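The values are calculated or read from the model by the stated rules, or taken from the named source; none is laboratory data. Bear in mind the structure is a predicted one, so any value in this text is a computation, not a measurement. With ideal geometry, Cβ positions are generated from the backbone for all residues, glycine too; neighbour counts draw on all protein chains shown.
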Amino acid sequence: MDRNVHDMGGDPAGPIDQGEHARTVFDQRVDAMLRLLAHPQKGYFTVDAMRRSIESLDPQAYHGLAYYERWVRAVRQLAIERGLVSQAALEQRMAAIAARRGARP
Amino acid sequence: MSGAPSPAPLAAGTAVQVRTGAPLTHCRTPQYLRGKRGVVLRALGRYPNPEELAYHRPGMPPLTLYQVEFDAAEVWGERLHEAPYRITADIFEHWLEPAGLPAAAAHDMGASHGRA
């Protein structure tokens, strides 16, 4: 049956962890970025576009990423789609930050 | 998509069947409900089509969103290994078509809702 990775209703599953999750600064920054970009007054994209981006991840990426890591990937994809930033500019900036931190770019 | 106004929303109690099909594009109708019969609980209002919004299009004219109730037995069939319950889902009008009233839903319409 054709379906995306998120569409898992009815699949066998273990117990659901309903506890609160710790919220990191990264999580809050990603959340804030989405809310600013998707705000109706900006309207760069909608929460529906976010869902489309997240739900088209391949299963390995979807299950391998934390919740807000999926979000930040979707924000990045949509920012490029909407012409807010180019892939090249983003890669250049990420490389510069990695170099500044002494990490391998 | 035409600009014609939508007809009056379906009344509570209307028997519906979720359309089948597996679009390659963004879709909020879960796969496990496609082709299943249920009953309209209420119309929730009209909203731009999320299948269009997902691709930066306006999604107009808006579509009626319905709260639809399904019997677990209808949805899971022989895979149901627990006491019967109801499943409630929000489904847009273009995913619904008329259906004969499912027997299991007909006899206890209006009873208290199980978990959703």
Legend entry - Scope segment A:41-55; condition within 8 Å of chain B (Cβ to nearest Cβ) and either over 25 Å from A:Met8 (Cβ atoms) or of a type in the set (S, T, N, Q) (or both); matching residues: A:Thr46
Inset, instruction - Identify all residues within segment B:45-59 that are within 13 Å of chain A (Cβ to nearest Cβ) and either surrounded by fewer than 20 Cβ atoms within 10 Å (Cβ to Cβ) or at positive phi (or both); write none if there are none. - result: B:Tyr47, B:Pro48, B:Glu52, B:Tyr55, B:His56, B:Arg57, B:Pro58, B:Gly59
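Here's the yes/no breakdown for (1) surrounded by fewer than 14 Cβ atoms within 10 Å (Cβ to Cβ); (2) touching a residue at least 24 places away in the same chain (Cβ under 8 Å); (3) closer than 29 Å to B:Tyr47 by Cβ:
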position: A:Arg35; (1), (2), (3): yes, no, yes
position: A:His39; (1), (2), (3): yes, no, yes
position: A:Met50; (1), (2), (3): no, yes, yes
position: A:Gly83; (1), (2), (3): yes, no, yes
position: A:Gln92; (1), (2), (3): yes, no, no
Legend entry - Qualifying positions in segment B:60-85 - touching a Gly at 6+ places or on another chain (Cβ under 9 Å) and within 11 Å of another protein chain (Cβ to nearest Cβ): B:Ala72, B:Val75, B:Trp76, B:Arg79
Legend entry - When residues of segment B:37-85 are limited to those that are of a type in the set (Ser, Thr, Tyr) and not in a strand (DSSP E or B), the one nearest to the chain's Cα centre (by Cα): B:Tyr85
Legend entry - Conditions (1) modelled with pLDDT under 95; (2) over 19 Å from A:Gly9 (Cβ atoms); (3) loosely packed, with under 15 Cβ neighbours inside 10 Å; number of the one not met by B:Thr20: (2)
Legend entry - Selection count where residues are among the β-branched types (Val, Ile, Thr) and either surrounded by 15 or more Cβ atoms within 10 Å (Cβ to Cβ) or touching a Cys at 6+ places or on another chain (Cβ under 7 Å) (or both), scope segment A:2-33: 2
Legend entry - Selected residue (only one of A:Pro40, A:Pro12 is part of a loop (DSSP other than H, G, I, E, B) and farther than 22 Å from B:Ala22 by Cβ): A:Pro40
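State all residues of segment A:52-66 that are without any contact (Cβ under 8 Å) to a residue 40 or more places away in the chain and in a helix (DSSP H, G or I); if no residue qualifies, say none. Full working, then the answer.
First, the residues of segment A:52-66 that are without any contact (Cβ under 8 Å) to a residue 40 or more places away in the chain: A:52-53, A:60-61, A:64-66.
Within segment A:52-66, A:Arg52, A:Ser53, A:Gln60, A:Ala61, A:Gly64 meet the criteria.
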Inset, instruction - State which residue pairs qualify: first residue within 14 Å of chain A (Cβ to nearest Cβ) and assigned to a loop (DSSP other than H, G, I, E, B) and inside segment B:8-24, second residue loosely packed, with under 12 Cβ neighbours inside 10 Å and among the aliphatic types (A, V, I, L, M) in any location, beta carbons under 9 Å apart, and separation of 6 or more residues or different chains. - result: B:Ala22/A:Met1
